[in-house]
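Notes for the one structure printed next.
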Number of protein chains: 2
Amino acid sequence: MKIFLAQVKPRIGDIEYNFDLIKNCYLKACNDNADICLFPEMISVGYTPEDLLHKPSFLMELEKHTASLIKNSKASTILLPTVIKEKDKLYNAILAIQNGKVIGKSYKQCIPNYGVFDEERYFSSGEPRVIDINEYKIGVPICEDMWFPEVASKLKEKGAEILLVPNASPYDGEKFNTRLEIIRKRYQEVRLPIIYCNQVLGQDGIVFEGRSFGYDGSLKFCLSAFREDSIVVDVQGNKILTTNNIENFSKEDELYGAMVLGLRDYMHNNRFKSVLLGLSGGIDSALVAAIAVDALGKENVHAIMMPSKFTGRESMEDAERVAEMLEISYRVIAITDIVETIDSGIGGTSGIAYENLQSRARGIILMSISNMTQSLVLTTGNKSENAVGYATLYGDMCGGFNPIKDLYKTAVFNIAKFRNSKLPTSIQVMNLNFPVMPERVITKPPSAELREDQKDSDSLPEYSILDQILEAYIEQDLGKEEIIDKGFDKETVEKVIKLIKISEYKRRQSAPGVKLTTRTLDKERRYPITNLYKG
Amino acid sequence: MKIFLAQVKPRIGDIEYNFDLIKNCYLKACNDNADICLFPEMISVGYTPEDLLHKPSFLMELEKHTASLIKNSKASTILLPTVIKEKDKLYNAILAIQNGKVIGKSYKQCIPNYGVFDEERYFSSGEPRVIDINEYKIGVPICEDMWFPEVASKLKEKGAEILLVPNASPYDGEKFNTRLEIIRKRYQEVRLPIIYCNQVLGQDGIVFEGRSFGYDGSLKFCLSAFREDSIVVDVQGNKILTTNNIENFSKEDELYGAMVLGLRDYMHNNRFKSVLLGLSGGIDSALVAAIAVDALGKENVHAIMMPSKFTGRESMEDAERVAEMLEISYRVIAITDIVETIDSGIGGTSGIAYENLQSRARGIILMSISNMTQSLVLTTGNKSENAVGYATLYGDMCGGFNPIKDLYKTAVFNIAKFRNSKLPTSIQVMNLNFPVMPERVITKPPSAELREDQKDSDSLPEYSILDQILEAYIEQDLGKEEIIDKGFDKETVEKVIKLIKISEYKRRQSAPGVKLTTRTLDKERRYPITNLYKG
């Protein structure tokens, strides 16, 4: 049996585009004499259109396109992952389409409703069925169905000879290995060849990285990471005959690829061509500038340095040098006059108010230039800052997208070092080079430069400590006492947890960013703003 | 049988406070010789602590307090709506506690996962049971359980003689009547007296309005709206003997009460005392100022008028007059110098960039004063503007809370007229008076005054048309063609829908506001930012 595996990039909600994509792949599958053309989960609408699924007109348009696809189908079978409505219930399901007819159906049984997933908001759980295609018995578990033993075993009992698995599996730094491990377990239970087809897309910061694969006791082939790809897979009995060279990435390389795809797709699908960002001479903005160049090309990245009286000479030099090394446009606009005009207009500010005022003067400059040039402003706060609220709302938080939003500061250092010493292999080449920033940008102590001789460490614990506490509290969901019991200083832990709680209101007004960990601070971690828990 | 009905206001996550509240009510119930003390849904943690429920330390603290409550219980029975963990599953459930023991348990069966609800993220569905208390058979369906026939009927079959219903039912303009209608249906099915206990709280903009009631074929009593209240209810056989005077509110009065409670609780629970807002001389900011005075007292509301060269004489007069009528502090800070300094700093702006710049200069002034004074900035955009993105991100959208976020502009007019001619009966009196704004604020054509002679109607359809299209698209979920078929101009409909889609990114960065309709633009309507649906 021959399977055409289409690792494609849908557009969310663009049904017409997605069906063109499906038809083009199907044509190739037919030309390759494939028996089956396999797509990622919900390919007809993209994963995920969220509440568009509640609009009857949206579902009607989907039905119309589905009918036309059915009508024009030939001897090769399309396994169409889509959304179907039956007796007032919506299902995440599969239609098997062949010679103008639907010859089989199967339904997703396990409906994820945790983390970033809200599928119970839309879908009912359905019955997975075995589909007969050209005298082959096919099981089609959908995504979450493979994370538990039940569905695969049930399909095996019903006679399935192979499992073809449409997916939309969000990327995080550990996901590929986790996925392989799960598939190995399922294989040990059912001993059936498994072909896994994942979507590739950056959608509002959730990255689906592709890397579709075939497993029959060992990993036989794996498609590209972070880009569209396809392969014709030969299967005989319970063996996958097709193999290829399987790429391996370092952790940093992989994360870098995810940030590039997340930014690139957000820009492209929202019809932005260029970005604008403030370069401070610090590591966060330097890294974001490098990611932007890798994602969009150096001609589409515009940097503005906005010094105040607290900006050091080194910062000026470093910002300019980053722009030179990346070969991006660079402009200096001092904020001194603006800050003084506002300060005197309201009768004088001091302390935090004066610090925030500087940050907001920068925000307003970037937004004004953005409005004049149609460039999207990138914001450059890292996860550590975002978690404790070490950022100015409507100041440095101004912007449409943040590639490093889910990177702890310690990870920012690692990735900056990586990108400074290597060409990433996880991204498509666009005149890449390295190093991308002066060594000093990585080694000097972080500072917001909003007052004389300020250092981040004046207000926060050292990042190596802070990030461990944050990870314990956020990713591992430990409580205050449990973290203190691990040996961290009580006062520090209490302070950090308090900061996390009282800055939820800021995070709610922050720009979207790329998911890179197992728990982002966005819809993966839903906390009340008004949170009176004392623990 | 005597039931102490405790319509109380919990604090989200503050387990210690909530158990003190429970104990105090229980003492009163004991003093009143009540057989049962009934509370709102999940009173132990407040509805809803969201992902705090995933923290093991949070659940452990809950267990500890529950054990202590059980230990100190007496002959009167506490029906404690809480969260319990059994065999790794969480349940939204009821413990019946008496004389130091748990004498019964029941579980919520219907787990809502639509609209604002995400309960499947936390809870498993459980079995509702009949609880024997003092030889009475009690059914305790929880909130959503009453919206469908199954649970009430099942409890009746199991012998229930009365239904006591703990709730956390979010307010919208139509909810009280909807709720009564549902209860009437359930009564007709099971013919059991029903006592309904609702939480009262404004939590991150979701308002729970109280109005707990008793129904036994007719509405016997109803507790206060928008504030804590309690009553001892006498029940004999299948009749409720207790009655009271049932308050009725006009639609405007009710919505006003919800906005006041939503703002007041947000302020109080986040430890803010005073607010700050820009008064433009327009209706939106005038109404928000009035709501703030009613919620917080006039001494806690500070208005700033920030004129530009486009601000008309009438606007200056009207803003000043609003401040006088509300007796709030009033300050004028011109933005001209700031705008010119920024404009020349970046080499000149024009068009939308110049308009946004003015709005952002105002935002930065308000935020600076906020940082100096610890006053929370209120933002004043209405739902019509919010839906089509007729607002400046980091400009007039700056702020921590927006009482009128979910009011269409046409509703803003109605509520302003109402508040200008009457004292609301839905709120606790705080030196109220009327009128609160000059008549002209309500009658003049809306304008953003960001360029010469600008009117909202230059960019948008008249609000009477716009709001109908918005309601059809948002609340009724109609598609483009369906709305055009209702007789609206094709070009107008297409423009409005396009504006809704392309402004999702702005809404994601907007301040929270009070839910007042059946579909807010916040977590009740989850749309992708990157939305390529053409319909």
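A residue that is surrounded by fewer than 20 Cβ atoms within 10 Å (Cβ to Cβ) and not in a loop (DSSP other than H, G, I, E, B) cannot be found anywhere in segment B:33-41. One residue stands out in segment B:341-354 among those that are over 20 Å from A:ILE346 (Cα atoms) and among the aliphatic types (A, V, I, L, M): the one that is nearest to the other protein chains (Cβ to nearest Cβ), namely B:ALA353.
Summed over segment A:297-318, the residues that are open to solvent by 10 Å² or more (accessible area, probe 1.4 Å), within 14 Å of chain B (Cβ to nearest Cβ) and touching an Asp or Glu at 6+ places or on another chain (Cβ under 8 Å) give a count of 1. Checked against the criteria, A:PRO445 counts as out of contact with any His (no Cβ under 9 Å at 6 or more places or on another chain) and open to solvent by 70 Å² or more (accessible area, probe 1.4 Å).
The residue that is nearest to the other protein chains (Cβ to nearest Cβ), counting only those in segment B:508-518 that are out of contact with any helix residue (DSSP H, G or I) (no Cβ under 6 Å at 6 or more places or on another chain) and touching a residue at least 24 places away in the same chain (Cβ under 8 Å), is B:GLN509.
Scanning segment B:319-340 for residues that are more than 13 Å from B:ILE304 (Cα to Cα) and in contact (Cβ under 8 Å) with a residue 24 or more places away in the chain, we see that the one that is nearest to the other protein chains (Cβ to nearest Cβ) is B:ILE338.
Quick check on segment A:14-32: of everything there that is among the aliphatic types (A, V, I, L, M) and open to solvent by 10 Å² or more (accessible area, probe 1.4 Å), which residue is nearest to B:LEU521 (Cα to Cα)? So, considering only residues that are among the aliphatic types (A, V, I, L, M) and open to solvent by 10 Å² or more (accessible area, probe 1.4 Å), the one nearest to B:LEU521 (Cα to Cα) is A:LEU21.
Evaluation of B:GLU228 against the conditions (1) in the same structural domain as B:GLU135 (by TED's automatic domain parsing); (2) touching a Leu at 6+ places or on another chain (Cβ under 8 Å); (3) open to solvent by 50 Å² or more (accessible area, probe 1.4 Å); (4) more than 25 Å from B:LYS185 (Cα to Cα) shows that the sole unmet condition is (2).
Can you pull out every residue in segment B:408-431 that is surrounded by fewer than 16 Cβ atoms within 10 Å (Cβ to Cβ) and among the aliphatic types (A, V, I, L, M)? B:LEU423, B:VAL429, B:MET430, listed by residue number.
Within segment A:416-439, the only residue that satisfies the criterion of being at pLDDT 95 or above and either outside the structural domain of A:MET325 (by TED's automatic domain parsing) or β-branched (Val, Ile, Thr) (or both) is A:VAL436. Can you say whether A:PHE272 is in contact with a Leu (Cβ under 7 Å, 6 or more places away or on another chain), part of a loop (DSSP other than H, G, I, E, B) and either within 14 Å of chain B (Cβ to nearest Cβ) or crowded, with 20+ Cβ neighbours inside 10 Å (or both), as far as the supplied structure shows? Here the answer is yes, as A:PHE272 does meet what is asked.
Listed conditions (1) under 24 Å from the mean Cα position of the chain (by Cα); (2) crowded, with 24+ Cβ neighbours inside 10 Å are all met by A:ARG11, apart from (2).
Would you confirm whether or not segment B:487-497 contains a residue that is at the interface with another protein chain (Cβ under 10 Å from one of its Cβ atoms) and either open to solvent by 70 Å² or more (accessible area, probe 1.4 Å) or not hydrophobic (A, V, I, L, M, F, W, C) (or both)? Looking through segment B:487-497, none of the residues is at the interface with another protein chain (Cβ under 10 Å from one of its Cβ atoms) and either open to solvent by 70 Å² or more (accessible area, probe 1.4 Å) or not hydrophobic (A, V, I, L, M, F, W, C) (or both). In segment B:13-32, the residue that is nearest to B:THR242 (Cα to Cα) out of those that are within 10 Å of chain A (Cβ to nearest Cβ) and in a helix (DSSP H, G or I) is B:ASN18.
Restricted to strands (runs of 3 or more DSSP E) entirely inside segment A:160-203, those with at least 3 residues that are closer than 14 Å to A:ASP145 by Cβ are A:162-167, A:194-198.
The set of residues in segment A:314-347 being on the phi > 0 side of the Ramachandran plot and modelled with pLDDT of 95 or more consists of A:GLU327 alone.
The listed residues are A:LEU5, A:LEU62, A:LEU69, and the only one of them that is crowded, with 21+ Cβ neighbours inside 10 Å, away from every other protein chain (no Cβ under 12 Å), in contact (Cβ under 8 Å) with a residue 40 or more places away in the chain and outside any loop (DSSP other than H, G, I, E, B) turns out to be A:LEU5. Filtered by the rule that a residue be hydroxyl-bearing (Ser, Thr, Tyr), closer than 17 Å to B:ILE365 by Cα and more than 7 Å from every other protein chain (Cβ to nearest Cβ), segment A:355-379 gives a lone residue, A:SER359.
Can you name every residue in segment B:216-269 that is part of a loop (DSSP other than H, G, I, E, B), on the phi < 0 side of the Ramachandran plot and free of Cβ contacts under 8 Å to residues at least 40 places away in the same chain? B:ASP216, B:SER218, B:LEU241, B:THR242, B:THR243, B:ASN244, B:ASN245, B:ILE246, B:ASN248, listed by residue number.
The values are calculated or read from the model by the stated rules, or taken from the named source; none is laboratory data. Since we're looking at a predicted model, the values are computed, not measured. Reconstructed Cβ throughout: ideal geometry from the backbone, glycine too, with neighbour counts over all protein chains shown. We work out accessible area using only protein heavy atoms, side chains counted, and drop any ligands, DNA or RNA first. Shrake-Rupley method; radii C 1.70, N 1.55, O 1.52, S 1.80 Å.
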